[in-house]
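Chemist: Please find one structure pasted underneath; my questions will follow.
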Amino acid sequence: MNTNNDEKMVILGGVKLSGEVRISGAKNSAVAILVASILVGDKCVIENVPHVSDIVDLIEIINGLGGRAEFVGEDVIEVDCSELKSHVATGERVRRIRASSYLMGALLGRLKRASVDLPGGCNFGVRPIDQHIKGFEALGAYVDIEYGTVNITADSLRGNTVYMDVVSVGATIDVMLAAVLADGLTVIDSAAKEPHVVDVANFLNSMGADIRGAGTDVIRIRGVESLHGGTFSVIPDQIEAGTFMIAAAATGGDVTVTNIIPTHMESLTAKLEEMGVGIEEFDEAIRVYVDKPKLRRCNVKTQPYPGFPTDLQPQMLALLTAANGTSIMKENVWENRFEYVPQLNRMGASINVEGTDVAVVEGGSKLIGAPVCATDLRAGAALVIAALMADGVTEIYNLKYIDRGYEKLVEKLRGLGAQVTRRCVNPMPEVLRAVNE
């Protein structure tokens with residue numbers, strides 16, 4: 001994996017994707033589970049981990065804290081935090097990924113103190129940590145933010161009821177991490193139900209935690225004295241699976257997406273079927289095919305799980321440019337997540353953003369290859385899908401975002417027949433410099 005920002009992805013569009021593609025482990029699960037291993041005073045073996053840049057950064061962060069984490073196989077990480085002593089996680093690596101927020105809960109739970117730089121990640125709106133702080137304080141911690149660093153201390157942590165004012169995946173996982181070794185019972189009310197929340201709970205339970213109700217509105221965590229080591233396999237990546245399903249539909253192809261949990265994909269499959277896309281489900285795979293001359297329009301609203309995922313919104317918007325008629329995309333999770341729309345419009349799409357949360361798509365315009373720039377991880381995936389649909393050659397810049405969440409994307413697309421390469425480039429086209437900066 002190369003995260004050099006002096007690279008571009010070059011795609012010749014117009015090829016119908018066909019064949020099989022195997023989905024990697026879930027990035028959103030893996031990053032949280034890797035941080036959760038800080039709570040374990042023994043060796044953990046985590047399997048089915050995607051080799052993406054967020055994981056590489058977290059490995060370096062854990063090693064910097066005094067733990068030991070490394071890939072010991074293509075998708076296997078061994079972690080041993082038995083000698084972990086430092087509670088300070090600061091610096092560029094911490095600031096550039098969103099998953100570093102989980103270090104607050106894990107370090108607080110393990111060492112009863114944490115100093116963590118405010119996390120970064122993709123820039124598509126304010127991502128407050130007020131629900132995280134509320135949860136930590138309910139467990140007896142004191143929180144102070146100074147010069148961009150969150151400092152958390154506690155003499156002891158005691159179970160309590162934490163009500164989430166808004167459904168937050170990050171806060172749900174963070175409070176869960178802090179509560180695992182706390183005294184007594186912690187109840188998280190209005191908890192997030194995403195598959196990776198359940199996966200983190202399953203990982204912790206396999207290491208000796210007592211967590212019940214993950215995947216429902218109410219999670220109960222009864223604190224235990226310590227966690228033991230073990231082996232755990234990360235679930236398949238729901239968002240990567242959805243990206244390939246949408247790409248298959250966008251190119252009029254016939255693709256079987258394997259190594260997935262079909263129930264995780266229900267909100268997407270329902271929308272694809274509404275558009276006229278063929279769907280065939282198997283135990284651990286979904287076939288996506290198009291045998292109609294034109295896709296139907298549809299309206300989409302993003303929602304917390306089990307609703308339509310916000311992390312598939314950009315990819316779906318790219319697909320809607322190929323539908324017959326006007327479609328509306330309503331973003332209900334993150335504000336300002338349509339910053340990538342001008343890049344799609346550069347390729348000939350007709351998308352109008354109204355306010356910060358609604359995009360109106362006039363479908364049917366043929367996309368034309370152009371130089372474009374990824375503005376965040378999933379926006380980058382949307383540009384890849386648009387490039388696969390377009391006439392001519394598209395050059396995609398700012399690949400650092402795509403590398404955060406997609407493992408071997410070029411190789412997997414080539415395996416489906418796409419004409420795509422990565423090339424070194426310098427400099428970036430002038431028209432894209434402002435976007436990158």
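The values are calculated or read from the model by the stated rules, or taken from the named source; none is laboratory data. Since the model is a prediction, treat every value here as computed from it, not as a measurement. When we count neighbours, we look across all protein chains shown, and the Cβ atoms used for this are built from the backbone with ideal geometry, even at glycine. Ligands, DNA and RNA are stripped out before the accessible areas are found, and what is left, the full protein with its side chains, is counted by its heavy atoms. Shrake-Rupley method; radii C 1.70, N 1.55, O 1.52, S 1.80 Å.
Chemist: Consider ALA192 against the criteria (1) more than 23 Å from the chain's Cα centre (by Cα); (2) open to solvent by less than 40 Å² (accessible area, probe 1.4 Å); (3) more than 17 Å from LEU108 (Cβ to Cβ): it satisfies all of them except one. Which criterion is unmet?
Modeler: ALA192 satisfies all of (1) more than 23 Å from the chain's Cα centre (by Cα); (2) open to solvent by less than 40 Å² (accessible area, probe 1.4 Å); (3) more than 17 Å from LEU108 (Cβ to Cβ) except (1).
Chemist: Quick check: anything in segment 95-106 in contact with a Gly (Cβ under 7 Å, 6 or more places away or on another chain), outside any helix (DSSP H, G or I) and over 27 Å from GLY135 (Cβ atoms)?
Modeler: no
Chemist: Can you pull out every residue in segment 25-52 that is surrounded by 24 or more Cβ atoms within 10 Å (Cβ to Cβ) and small (Gly, Ala, Ser)?
Modeler: Matches in segment 25-52: GLY25, ALA26, SER29, ALA30, ALA32, ALA36, SER37.
Chemist: Scan segment 279-289 and give yes if some residue there is in contact (Cβ under 8 Å) with a residue 24 or more places away in the chain, touching a helix residue (DSSP H, G or I) at 6+ places or on another chain (Cβ under 8 Å) and under 28 Å from TYR163 (Cβ atoms), otherwise no.
Modeler: Within segment 279-289, none of the residues are in contact (Cβ under 8 Å) with a residue 24 or more places away in the chain, touching a helix residue (DSSP H, G or I) at 6+ places or on another chain (Cβ under 8 Å) and under 28 Å from TYR163 (Cβ atoms).
Chemist: Taking VAL393 as the residue in question, decide whether it is closer than 16 Å to LEU312 by Cβ, out of contact with any Lys or Arg (no Cβ under 8 Å at 6 or more places or on another chain) and open to solvent by 50 Å² or more (accessible area, probe 1.4 Å).
Modeler: Spelling it out, it is not the case that VAL393 is closer than 16 Å to LEU312 by Cβ, out of contact with any Lys or Arg (no Cβ under 8 Å at 6 or more places or on another chain) and open to solvent by 50 Å² or more (accessible area, probe 1.4 Å).
Chemist: Hey, among the residues in segment 279-296 that are touching an Asp or Glu at 6+ places or on another chain (Cβ under 9 Å) and modelled with pLDDT of 95 or more, which one's farthest from THR243 (Cα to Cα)?
Modeler: The residue in question is ARG296.
Chemist: Moving to a separate point now. Of the residues in segment 198-225, how many are open to solvent by less than 20 Å² (accessible area, probe 1.4 Å) and under 19 Å from GLY307 (Cα atoms)?
Modeler: Qualifying residue count, segment 198-225: 1.
Chemist: Would you check if there is a residue in segment 335-352 being open to solvent by 30 Å² or more (accessible area, probe 1.4 Å) and either of a type in the set (A, V, I, L, M, F, W, C) or closer than 19 Å to GLU240 by Cβ (or both)?
Modeler: no
Chemist: Which condition does GLY66 not pass, out of (1) at pLDDT below 95; (2) of a type in the set (Gly, Ala, Ser); (3) closer than 21 Å to HIS228 by Cα, if it passes all the others?
Modeler: Among (1) at pLDDT below 95; (2) of a type in the set (Gly, Ala, Ser); (3) closer than 21 Å to HIS228 by Cα, the lone unmet condition for GLY66 is (1).
Chemist: Please work out if GLU60 is open to solvent by 10 Å² or more (accessible area, probe 1.4 Å) and part of a loop (DSSP other than H, G, I, E, B).
Modeler: For GLU60, the condition - open to solvent by 10 Å² or more (accessible area, probe 1.4 Å) and part of a loop (DSSP other than H, G, I, E, B) - is not met.
Chemist: Which one is nearest to the chain's Cα centre (by Cα) among residues in segment 68-123 that are basic (Lys, Arg) and open to solvent by 50 Å² or more (accessible area, probe 1.4 Å)?
Modeler: ARG96
Yes/no per residue for (1) of a type in the set (S, T, N, Q); (2) in a helix (DSSP H, G or I); (3) in contact with a Phe, Trp or Tyr (Cβ under 7 Å, 6 or more places away or on another chain):
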{"site": "THR172", "(1), (2), (3)": "yes, yes, no"}
{"site": "VAL198", "(1), (2), (3)": "no, yes, no"}
{"site": "PHE203", "(1), (2), (3)": "no, yes, yes"}
{"site": "PHE244", "(1), (2), (3)": "no, yes, no"}
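Chemist: Restricting to segment 402-424, what's the tally of residues that are open to solvent by 30 Å² or more (accessible area, probe 1.4 Å), assigned to a loop (DSSP other than H, G, I, E, B) and either in contact with a Ser or Thr (Cβ under 7 Å, 6 or more places away or on another chain) or modelled with pLDDT under 95 (or both)?
Modeler: 1
Chemist: Within the group THR302, THR326, THR256, THR269, which residue is in contact with a strand residue (DSSP E or B) (Cβ under 7 Å, 6 or more places away or on another chain) and more than 23 Å from PRO195 (Cβ to Cβ)?
Modeler: THR326
Chemist: Can you give me the number of residues within segment 126-142 that are of a type in the set (Val, Ile, Thr) and either open to solvent by 40 Å² or more (accessible area, probe 1.4 Å) or over 21 Å from ILE219 (Cβ atoms) (or both)?
Modeler: 1
Each row is one residue, and each column tells you yes or no for (1) closer than 30 Å to ASP254 by Cα; (2) touching a residue at least 40 places away in the same chain (Cβ under 8 Å); (3) in contact with a Pro (Cβ under 8 Å, 6 or more places away or on another chain).
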residue	(1), (2), (3)
VAL15	yes, yes, no
ALA36	no, yes, no
VAL40	no, yes, no
VAL45	no, yes, no
VAL52	yes, yes, no
VAL56	no, yes, no
PHE71	no, no, no
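Chemist: Continuing with the same structure: Is there a residue being among the aromatic types (Phe, Trp, Tyr) and over 22 Å from HIS196 (Cα atoms) anywhere in segment 134-141?
Modeler: No - not one qualifying residue is present in segment 134-141.
Chemist: Now for a different question. For segment 353-381, give me each residue that is more than 20 Å from GLY325 (Cα to Cα) and open to solvent by less than 10 Å² (accessible area, probe 1.4 Å).
Modeler: VAL372, CYS373, ALA374, ASP376, LEU377, ARG378, ALA379, GLY380, ALA381 - these are the residues of segment 353-381 that are more than 20 Å from GLY325 (Cα to Cα) and open to solvent by less than 10 Å² (accessible area, probe 1.4 Å).
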